[in-house]
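Q: This is the structure I have questions about; it appears just below.
The values are calculated or read from the model by the stated rules, or taken from the named source; none is laboratory data. Model, not experiment: these values are computed from the prediction. Positions of Cβ are generated from backbone atoms using ideal geometry, with glycine treated the same way; all protein chains shown enter the neighbour counts.
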Amino acid sequence: MLDCLTYFLTCACAVIILLVCAILYGTRAQHPHIPAIVKGVLPAGRCLCEYSATFTCDTCLDCASTQPISLNHTTAHDWAFSYRRDGGDYGLREDQCQVAFPGLFEDIQRAKKFRQRREKITERELSSWELTKGMVRAMIYNGELHILETFLVDNVNREKAISALSAIHRAVVSAPEYGSVPNIEFIFSVEDLPAEPQKPLWVLARRANNDDLWLIPDFGFWSWDVQQLGAFSEVAAEAIQREVVEPWDQKKEKLVWRGKMNFAPKLRHALLDATRGKSWSDVGQVQWDDPDFKAQFVGPVDQCNYMFIAHAEGRSYSGSLKYRQLCRSVVVSHKLQWIQHHHYLMKSDGPNQNFVEVERDFSDLSAAMDDLLAHPEKAKRIADNNVQVFRERYLTGAAEACYWRALFKAWKEVSFEPMLYNGVQDGEKHSRGQKRGVRWETFMLYQPSRQMDFPKSAKVAPST
């Protein structure tokens, strides 16, 4: 009996070791071909590939590009959004934002309605968990942004947080009416994966069942310090300039994609497998430490030279989608699991289709590509819709600022009134406590090391 038990335990340990080794090999291997048995045990693959989020927009996307709508403003006449005139206007009024960007604020309203069915967010609740990697606690008070606490573990974390804070500050100071931005206190994270999915946290992306989370535009809408990127508006301008040189009929009739395999390895290997040997494929991986990296790399604007651009999620969402949506190209994406703030505007069918959706295992990718190549007029229409909806409307600076201010307003409706000073209400006659945090204008001047771990003394103790 003892020998049988020993044999069983030995076999079990061997299987576990082999399983761990297979997972480590599959997630870290840079080779485009890995054994099928390894693919079968890769994490973030077998179970997660079984479902995806479904995006629906309850407001009218179609009317936004066709009809001027009367504004409820004493000095306004019929007004319609114009990309050339208004795309870079960070100071649109609230009624103009609603006219210009129907459907953009769906997730804000979802989060607000979810919270309205529960108690208001309190200072005690916001202080009920410690900040973890990539989190910042901040406050807007009397139209000024204050930084209360940070937990940023490296320079990448710091750059992302600074970008997000810069975008928040821009949305505050560009508000068309002084005093229109409410006093609020909040915590946001710049990590791909929400560390507290059951908390009222501002995040870059969420799954469909993360009802407590509030979506914010990702840091790249300000800027991203990686090769061939930079300020988002700069990348958009370069994409427009590229079209002048290489219009639609001169684009390569191929599907392009570049990415790292160890981000969502099962999903991305499925993309490589589905495109291998296809005449229409220019799909490949990027290895940052490879001597031939420059030959492998195809930057975001260079991908605009292709008629078709594939999209695949990474550890969670992929920040590259918004750059692909700047191109007059057909974005081909698997069914998404992670929702970003602008995903509600993605349409996969009908006359206003602006991308092509395939299964998460890319099993129908070949059929989708054959259809697009056989119907070039359909492909051109989808590419034009992509530009009209995203580059020329919902991914503009004006849309981003409108989104931030709508978020501020909705958050205020379901959360507490913050205090500028510890211990007492601002305006009371008796002695006030220490002022909380530091203004953004000062924080941005701090040395990086100080920005990354802002003093714990800035954290307010829970109310009694």
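Q: Within segment 75-114, track down each residue that is touching a Phe, Trp or Tyr at 6+ places or on another chain (Cβ under 9 Å) and assigned to a helix (DSSP H, G or I).
A: ASP95, GLN96, CYS97, GLN98, VAL99, ALA100, GLU106, ASP107, ILE108, ALA111, LYS112
Q: What's the number of the only condition in (1) in a loop (DSSP other than H, G, I, E, B); (2) touching a residue at least 60 places away in the same chain (Cβ under 8 Å); (3) over 28 Å from LEU395 (Cβ atoms) that GLU125 fails to meet?
A: If we test GLU125 against (1) in a loop (DSSP other than H, G, I, E, B); (2) touching a residue at least 60 places away in the same chain (Cβ under 8 Å); (3) over 28 Å from LEU395 (Cβ atoms), just (1) comes out false.
Q: If I ask for residues that are assigned to a loop (DSSP other than H, G, I, E, B), touching a residue at least 12 places away in the same chain (Cβ under 8 Å) and either over 28 Å from ALA205 (Cα atoms) or not hydrophobic (A, V, I, L, M, F, W, C) (or both), which ones from segment 353-382 would you list?
A: Hits for segment 353-382 are GLN353, ASN354, GLU359, ARG360, ASP361, SER363.
Q: Now a separate question. If I ask for residues that are β-branched (Val, Ile, Thr), in a loop (DSSP other than H, G, I, E, B) and within 16 Å of PHE188 (Cα to Cα), which ones from segment 201-241 would you list?
A: ILE216
Q: Considering every residue within segment 154-173, establish whether at least one is at pLDDT 95 or above, part of a helix (DSSP H, G or I) and hydroxyl-bearing (Ser, Thr, Tyr).
A: Yes, that holds for at least one residue.
Q: Might you check whether a residue that is in contact (Cβ under 8 Å) with a residue 40 or more places away in the chain, more than 28 Å from ARG405 (Cβ to Cβ) and of a type in the set (Phe, Trp, Tyr) occurs anywhere in segment 201-221?
A: no
Q: Can you name the number of the only condition in (1) in contact with a strand residue (DSSP E or B) (Cβ under 8 Å, 6 or more places away or on another chain); (2) in contact (Cβ under 8 Å) with a residue 40 or more places away in the chain; (3) crowded, with 20+ Cβ neighbours inside 10 Å that VAL414 fails?
A: (3)
Q: Could you list, in sequence order, the residues of segment 241-269 that are hydrophobic (A, V, I, L, M, F, W, C) and in contact (Cβ under 8 Å) with a residue 60 or more places away in the chain?
A: Scanning segment 241-269 gives TRP248, LEU255, MET261, ALA264, LEU267.
Q: So, of the residues in segment 182-195 that are buried (at least 19 other Cβ atoms within 10 Å of the Cβ) and at pLDDT below 95, which turns out to be nearest to HIS342 (Cα to Cα)?
A: The residue in question is ASP192.
Q: Also, quick follow-up: If you scan segment 174-193, which residues turn out to be assigned to a strand (DSSP E or B) and among the hydroxyl-bearing types (Ser, Thr, Tyr)?
A: If the condition is that a residue be assigned to a strand (DSSP E or B) and among the hydroxyl-bearing types (Ser, Thr, Tyr), then SER189 is the only one that fits.
Q: Can you find a residue in segment 137-149 that is polar (S, T, N, Q) and assigned to a helix (DSSP H, G or I)?
A: No - not one qualifying residue is present in segment 137-149.
Q: Could I ask something else about it? Quick one: LYS112 ticks every box in (1) at pLDDT below 85; (2) surrounded by 12 or more Cβ atoms within 10 Å (Cβ to Cβ) except a single one, so which number is it?
A: Of the numbered conditions (1) at pLDDT below 85; (2) surrounded by 12 or more Cβ atoms within 10 Å (Cβ to Cβ), the odd one out for LYS112 is (1).
Q: Continuing with this model, one more query. Being modelled with pLDDT under 95, surrounded by 14 or more Cβ atoms within 10 Å (Cβ to Cβ) and assigned to a strand (DSSP E or B), is that true of even one residue in segment 60-70?
A: Yes; the residues of segment 60-70 include at least one that is modelled with pLDDT under 95, surrounded by 14 or more Cβ atoms within 10 Å (Cβ to Cβ) and assigned to a strand (DSSP E or B).
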